1. What whole-number distance in Å separates the alpha-carbon centres of region 51-95 and region 182-258?
2. Is region 84-165 rounded, prolate or oblate when judged by the Cα gyration tensor, a ≥ b ≥ c being the square roots of its eigenvalues, rounded requiring a/c under 1.5 and prolate requiring a/b larger than b/c?
3. How far apart, in nanometres, would the label points at residue 137 and residue 104 be if each is projected 7 angstrom from Cα along the Cα-to-Cβ direction?
4. Tell me, what is the FRET efficiency for residue 183 and residue 147 to the nearest 0.05, using R0 = 41 angstrom and their Cβ-Cβ distance as r?
5. For region 148-198, what percent of Cα pairs sit more than 15 Å apart?
6. Quote to one decimal, in nm, the extra length available between residue 283 and residue 58 on full extension: 0.36 nm per residue of separation minus the C-alpha distance between them.
7. Sorted by mean Cβ packing within 10 Å, highest first, what order do the peptides 232-243, 263-274, 184-195, 95-106 take?
8. In nm, what is the difference between 0.36 nm times the number of residues separating residue 72 and residue 204 and their Cα-Cα distance?
Ligand SMILES: [Ca+2]
Ligand SMILES: [Ca+2]
């Protein structure tokens, strides 16, 4: 009995405490206020993602996208413009090249159409093997050079009176100084091939070679090869003819010593320096009368030596 009474008493007390808890007005008010505050915060969080702000974000993204697209378009347009400019430049270069070619062809046609004087025949030359391929470029900073020949260039036909022959072949040759390599007779043996065996070496400095034709002749052309196995430009090339072995008087047929550097007493020349080729250097002698032909040179752009392969004197 006593125990039952105790249990009952405990239950009533518990109910009382629970009732107090439930009905404490202050506690209830605080709980309600806290709940409201939490709800406000949640609302505020939701408010952060209001449609206005979201729209603004979308607008920013759109603007950035549009900006990127505009920049890409601009770059593409610049690329197209650059391409068009490059193409225009290329076309202009082709136009210039075509005009130059047309001019050259017209000149060749005009030369071919030029009536050959009575009794004139084309000078036939037995050319050596071509040793340099393509378009040889002159050495850098070499002054007084003739214009580079286009690729595949060959010398136009040269006309001489019929009966013209190479008078120099097998004739007597004298030189300023005996050659270090080779025989003098090789200069007039008719062989213009450019090999070590066919080339004479007359050493450094101003040097001359004289071909004695044996008697005074009518000279129509002089043709010479110094060396053409590489890109050689020979300095101070002078060709003069005379009937006096001492050349006290002479006719200068060619002189490319533009600065008069060969030696004192020689006049400056107005001819151009040139790159040696398998075709040799042909000089129009216009029928001048002489017995001796003197060739000057003063080294070359490769090694200062005065090389010689062949000298031909066409006349009768
Ligand atoms: Ca020779
Ligand atoms: Ca010179």
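1. If we compute the Cα centre of each part, the gap is 68 Å.
2. oblate
3. Those two pseudo-labels are separated by 1.8 nm.
4. 0.70
5. Of all Cα-Cα pairs in region 148-198, 66 percent lie more than 15 Å apart.
6. 72.5 nm
7. Result, highest mean first: 232-243, 184-195, 263-274, 95-106.
8. Going from the current span to full extension adds 40.9 nm.
Read-outs: derived from the displayed coordinates by stated rules, not from any lab. Note that the structure is predicted; figures quoted are calculated from it, not measured. A quick note on method: Cβ atoms are made from the backbone with ideal geometry, for glycine too, and the neighbour counts reach across all protein chains shown.
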